[in-house]
Amino acid sequence: MTDFKRVFIDTAPIIYFLENSPLHMESMEKFFSRCLKNHIQIVTSTLTIEEYLVLPYSDGKMEYVDNFKRFIEYMDIEVVDIDAAIAERGAKIRGQYKNFKAMDALQIAAAVVRKCDMFFTNDKQLRQEKELPCMTMEDI
């Protein structure tokens, strides 16, 4: 892992961690431990909240909703609202990278606008974006 002080975390890594993914749990524990130990600020957006909570709400699994909220609070994760500046930056990103989905472009835009120095995802396609270094599960 490269050095960083403000990392934007996409939805997938949070899902892997909170749902104890057998494939990714060890690397996720390592990542979050490093963040806590080194006082690395974790940032995400309101899109992550929406994406994560869809399944727990549709399945009536309120314990997942509660776990998610406790995790955000415990890790002191900064949650960014998607505003006009982020939306415009997202449009520029989608204009440059034609195959990026709107949600991905907005996540990256939020990271750039909020001055993160790393973007953590498991979507290898997002490594194409060059303004912000991108780390995937393979990099841990």
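The values are calculated or read from the model by the stated rules, or taken from the named source; none is laboratory data. The shown structure was predicted, so the numbers you read here are calculated from the model rather than taken from an experiment. So basically every Cβ, Gly included, is an ideal-geometry build from the backbone, and we count neighbours across all protein chains shown.
Structure notes:
- Any hit, the stretch 87-97, residues being surrounded by 12 or more Cβ atoms within 10 Å (Cβ to Cβ) and under 16 Å from the mean Cα position of the chain (by Cα): yes
- So Asp123, is it surrounded by 14 or more Cβ atoms within 10 Å (Cβ to Cβ), over 16 Å from Phe4 (Cβ atoms), modelled with pLDDT under 95 and not aromatic (Phe, Trp, Tyr): yes
- The stretch 111-126, subset more than 26 Å from Met25 (Cα to Cα) and part of a helix (DSSP H, G or I), residue farthest from the chain's Cα centre (by Cα): Val113
- Verdict on Asp76 being under 15 Å from the mean Cα position of the chain (by Cα), on the phi > 0 side of the Ramachandran plot, of a type outside the set (Lys, Arg) and surrounded by fewer than 16 Cβ atoms within 10 Å (Cβ to Cβ): yes
- The number of residues in the stretch 110-140 that are free of Cβ contacts under 8 Å to residues at least 24 places away in the same chain and of a type in the set (A, V, I, L, M) comes to 1.
- Only one of the numbered conditions (1) within 16 Å of Ile14 (Cβ to Cβ); (2) without any contact (Cβ under 8 Å) to a residue 24 or more places away in the chain is violated by Cys35, and that is (2).
- Hits in the stretch 1-51 (condition: of a type in the set (Asp, Glu) and either out of contact with any strand residue (DSSP E or B) (no Cβ under 8 Å at 6 or more places or on another chain) or loosely packed, with under 15 Cβ neighbours inside 10 Å (or both)): Asp3, Glu19, Glu26, Glu29, Glu50, Glu51
- With respect to the conditions (1) at pLDDT below 95; (2) among the hydroxyl-bearing types (Ser, Thr, Tyr); (3) under 16 Å from Ile9 (Cβ atoms), Tyr74 lacks only one, and its number is (1).
- Of all positions in the stretch 81-100, none carries a residue that is in contact with a Lys or Arg (Cβ under 8 Å, 6 or more places away or on another chain) and under 25 Å from Glu19 (Cα atoms).
- Inter-residue pairs, beta-carbon under 6 Å, first without any contact (Cβ under 8 Å) to a residue 60 or more places away in the chain and in the stretch 76-101, second part of a loop (DSSP other than H, G, I, E, B) and of a type outside the set (A, V, I, L, M), 6+ apart: Val80/Arg114; Arg94/Phe100
- Options Phe68, Phe31: the member that is at pLDDT below 95 and under 16 Å from the mean Cα position of the chain (by Cα): Phe31
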